[in-house]
Amino acid sequence: MIPAAVDYSCPSTVEEAVQALGDEDAKVLAGGQSLIPMLRLRLAAPTLLVDLDRISDLRGVRSDGDHLVIGAMTTHAAVLGDPLVNQYAPLLAQATATVADRQVRHRGTLGGSLAHADPAGDLPAVVVALDASMEVAGPGGRREIAAADFFVDYFTPALEPGEVLVSVRVPKREGWSTHYEKFNRMAQGWALVGVAAAVRRDNGTIAEARIALTNMGSTPVRATAVESALTGADASLEAVRAAAAAAAEGTQPSGDLSASAEYRSHLARVLTERAIMAAVGQAHAA
Amino acid sequence: MTITEVGSPRRRKEDARLITGRTMWTENVVLPGMLHLAILRSPVAHAKITRVDTSAALNEPGVVTAFSGRDVADVQGSLPCAWPVTEDMVHPDHPPLAVDEVRHVGEPVAVVVARSRAAALDALAAIDVDYESLPVVLDLEAALTEDADLVHLDKGTNRSYTWIFDSAEAGSGGAVGAAFDGAEVVIKRRYRQQRLIPAFMEPRSVVVDPTGDQYTIWSATQIPHILRFLVSVVTGTPEHKVRVVAPDVGGGFGGKLQVTPEELIAFVAAKRLGKPVKYTESRSDSLMAAHHGRDMIQDVELAARRDGTVLGLRVKLLANMGAYLGLVTPGVPILGAFMYNAIYKFPAYRFECTGVFTNTVFTDAYRGAGRPEATYAIERIMDELAVEVGLDPIEVRRRNWINADEFPFTTVAGLTYDSGDYSAATDKALELLGYDDLRREQAARRESGDPVQLGIGVSTYTEMCGLAPSRVLGSLRYGAGGWETASIRMLPTGKVEVITGTSPHGQGHETAWSQIVADQLGVAFDDVEVLHGDTRTSHKGLDTYGSRSLAVGGIALYNACQKVIDKAKPIAAHVLECDPADLEFAGGQFRVRGNPDGGKSLADCALAVFAAHDLPDGIEPNLDADAVYDPDNFSYPHGTHLCAVEIDTQTGRVSIRRYVAVDDVGRVINPLIVEGQVHGGVAQGVAQALFEEAVYDDDGNLLSGTFVDYTLPSAADLTDIVTDRTETPAPGHPLGTKGVGEAGTIASTPAVVNAIVDALRPYGVRDIPMPCTPERVWRALNGGVA
């Protein structure tokens, strides 16, 4: 199909973008890797597209004290290659490397992916695991939303009408080791399940762990039972396996053509174990 | 004749334009005043159409006309089925636009013609259709029960036909009942061929121009000649008033071996309006409404002795026709009937196939058409036999296959295999795979309880391709012949135009045909131009499918070359002032036998003919030649494919570790093209084993309607393929070639699934339905129903 007719605007500042989004049937275009297919299938029918592509303020990664600030329109490819991201938030780079294919990574953006709030998207779980926060701009000015509060439901971010995501603030994490473990049917496909794992060790035992799951519910889910079981545990396969057994607790995965809910729960346990073992520097058993 | 080109791995001359897209695809055709057509498709699987109102669409911007099936019921005709496999086959009407009833999701219901594609698509929303639901028929077995709901109410049955082959009745073997009576081993299995979507890269597209002296139809089709003939028949348009052009066409795999509803709808619209009309489908429409492939239930029963000797085979198929019969829908499973006995020489065989209507889009040819299904079933059950009698799967095959010194061999299915050396291909494949080492590694992994288990899959195959001897097609009630044609036009400067009746859509005919002609006529490769796919230049031909183009068309081409040489000879003799009988032709030169100097080239003769100033008396000034070749047998490539898989038993993920394909396709014209065909074929067969499935829900909605859900693998999902060949020239073929277009697809699916099941036998697994997704493998591992 081809999209229905739609108006297009291409503001050069965030303020202009917010103004354009005053139209209640407007939709932000932030790379278009999800929105354009939806327009083509006529699953979305906005009357106005507000393309953020020309707003240079929204691109790039900078250091701000103990945080990284990543512009919402920074492409996946730029995130992947950014030295600050690789130094202070390698988990984000690890997950971004698994997003779709090279072409998509050069068009798609971090902010676009997060604001789309697809439970099968890889990056929502990562920002939850990293305890990032979202800076949004709207008619009433700017505010920050914690990643844990940003994902409300399927494809529903905590953005008020007229608000636009402008940047992601990621705490710099030194002394943490991380891994994103993704399981998909096709190399370029969505995650059936993904696990974002960040672990801080202290003298061989795990002092702190943050685990978030992709596609195990309508939003990214923290595996809190696993996190508490890991706290104080040693990083042995046995201990990790025992902790990972709780990965699916409290989750509500959906069942679809690619995987049943039961299989997703099973994968969550297996992949959580693998993600943690990989994060602590040991190859998984399989 | 000096052979320099044949056998050379030339890069394809057509690739630069095909790969860059700088060429004429049907969608690139732009004509003055051309209008665009959009199709409203049924959102429901089975319903009466109680009302269609297209009037509001007429008020939409840019709209020229809108109409429904009812508006054109008298003129649109019924789509043809060229293969009524039995005399009493139930063959329902197949209107291009539904008139009173829709029978599958995606069936065309109404159209809008507008000044732009966008305007036409937008206006579809203004068409109002009322549907009155009818019961949906999806399950093949339920469809055949006494009180089943019906796809075609007026037919009183969902059974289209039952077609039987019995070796005792045919005189090609013994009675299968006797073979099973008292057999030491009887193995019975049910296999499912899931429904597949051909998923060619270039969506189907058609432009119909009614403004000239002829109706010109551009179409992304595999079959321009057959399309011309059938459009003429179906619409009552005199054949000479129809010209069909298949410009460059991007893929087909059987999916463009069809006379489509969309082609006829565009024809009807263009005729009504007197203006050129274009229709290009979207990917979603293509996945939903272009014909699908496979979709069969196979009940297979094998009788054998304890020593592994097979005694007989019974096959009972239910084949899903979909809602209608496409061009060769009923014949696809019948093509498989002759292949279930595969490379084996057992003495008794019975095959029974019932075609069943359901409320799904019609099935039809898909790469291999019948033969992959047959090969899958026999190669899967041969592995079961190996396990049952305690033999290595290679050994059980050795004990049953036709030996190299037994050719020609008449099979229990009545075909005469011309040549082959199954042992040579298998030995080579075993060595390339490192079979014994992998078996040792498999044992070690089993021993240690490794979470990653190893499996080795075997698939030995032959196939009947090179469609086909016309008499055989006639005896199977197919509506056309199987000959092929080639013409050579000698230009005055010695350059050569070749017109082929085949219709390449990625196969590389321009290159391979040029190589053959270069060798035969002694002209440079670059001095040959191959023309195809336009009935104005190539009025005759039977197009490209069934691995037939080189196997059949190659002989026509060879014969046409010989005719050109024969015509040139008296002219060369005249110029050289010698007796034609004293001349020999080699390297493009006529020379007096024994005298290496002072010859005349074919180009000299072409110029002499052009001038015609000094020709022998009574000689027609013409070197051009046509040849039509009708084969007297099929082509029988064969080979052995071996696949090693690793299975992550924790997740069920299957990874192909090594894949070896040793194929015997006879003499090879261009090894690069052959390798490409094998690679692509294997990829498509692996895709059936591991990835692809068209899925309908209980209401007949296609769930796998985009590439997110119809999981077509990419290069990243596949593996390196080790290819090699044995070469048994096809006897009776002057070039010694056999078909190669489908071999990879036919061989690879059972190789992969056999490998998976081989890995998991210690877990009690003996089958996993295709595609073997991680979840299905995981469930099988855990004793669940996959």
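The values are calculated or read from the model by the stated rules, or taken from the named source; none is laboratory data. These numbers were taken from a predicted model, which means no experiment stands behind them. With ideal geometry, Cβ positions are generated from the backbone for all residues, glycine too; neighbour counts draw on all protein chains shown. Each accessible area value is taken on the protein alone, full model and side chains, heavy atoms only, with ligands, DNA and RNA left out. Shrake-Rupley method; radii C 1.70, N 1.55, O 1.52, S 1.80 Å.
Here are some notes:
- In summary, helices (runs of 4 or more DSSP H) completely within region B:175-279 and bearing 2 or more residues that are in contact with a strand residue (DSSP E or B) (Cβ under 9 Å, 6 or more places away or on another chain), of a type in the set (S, T, N, Q) and surrounded by fewer than 24 Cβ atoms within 10 Å (Cβ to Cβ) occur at B:224-235.
- Qualifying residue in region B:317-326 (condition: in contact with a strand residue (DSSP E or B) (Cβ under 6 Å, 6 or more places away or on another chain), aromatic (Phe, Trp, Tyr), surrounded by 24 or more Cβ atoms within 10 Å (Cβ to Cβ) and at pLDDT 95 or above): no
- Candidates B:Gly744, B:Gly681, B:Gly700: the one that is over 19 Å from the mean Cα position of the chain (by Cα), open to solvent by less than 30 Å² (accessible area, probe 1.4 Å) and modelled with pLDDT of 95 or more is B:Gly700.
- Among residues of region B:632-653, those that are in contact with a Gly (Cβ under 9 Å, 6 or more places away or on another chain), surrounded by fewer than 23 Cβ atoms within 10 Å (Cβ to Cβ) and in a loop (DSSP other than H, G, I, E, B), counted: 2
- Helices (runs of 4 or more DSSP H) lying entirely in region A:171-286 (those with 1 or more residues that are of a type in the set (Phe, Trp, Tyr), open to solvent by less than 10 Å² (accessible area, probe 1.4 Å) and within 14 Å of chain B (Cβ to nearest Cβ)): A:261-279
- For the residues A:Asp118, A:Asp101, A:Asp153, the requirement of being out of contact with any Cys (no Cβ under 9 Å at 6 or more places or on another chain), touching a residue at least 40 places away in the same chain (Cβ under 8 Å) and open to solvent by 50 Å² or more (accessible area, probe 1.4 Å) singles out A:Asp153.
- B:Leu18 meets all of the listed conditions (1) over 20 Å from B:Ala125 (Cα atoms); (2) touching a Pro at 6+ places or on another chain (Cβ under 9 Å) but one, namely (2).
- Test: residue in region B:740-754 that is in contact with a helix residue (DSSP H, G or I) (Cβ under 6 Å, 6 or more places away or on another chain) and assigned to a loop (DSSP other than H, G, I, E, B): yes
- Single match in B:Val30, B:Val44 (criterion: in a loop (DSSP other than H, G, I, E, B) and without any contact (Cβ under 8 Å) to a residue 12 or more places away in the chain): B:Val30
- Residue within region A:152-166 that is within 14 Å of another protein chain (Cβ to nearest Cβ), within 16 Å of the chain's Cα centre (by Cα) and not β-branched (Val, Ile, Thr) present: no
- Pairs, first on the phi > 0 side of the Ramachandran plot in region B:727-743, second open to solvent by less than 20 Å² (accessible area, probe 1.4 Å), C-beta under 6 Å, six or more apart: B:Gly736/B:Gly666; B:Gly736/B:Ala730
- Among helices (runs of 4 or more DSSP H) entirely within region B:407-485, having at least 2 residues that are surrounded by 18 or more Cβ atoms within 10 Å (Cβ to Cβ), in the same structural domain as B:Leu325 (by TED's automatic domain parsing) and at pLDDT 95 or above singles out B:422-433, B:435-448.
- Top-ranked residue in region B:654-672 [being buried (at least 23 other Cβ atoms within 10 Å of the Cβ) and over 20 Å from B:Thr426 (Cβ atoms); ranked as nearest to the other protein chains (Cβ to nearest Cβ)]: B:Val654
- Within region B:599-617, the set of residues being open to solvent by 60 Å² or more (accessible area, probe 1.4 Å) and assigned to a loop (DSSP other than H, G, I, E, B) comprises B:His613, B:Asp614, B:Asp617.
- Region A:38-87, subset open to solvent by 60 Å² or more (accessible area, probe 1.4 Å) and closer than 25 Å to B:Ala125 by Cα, residue farthest from the other protein chains (Cβ to nearest Cβ): A:Thr47
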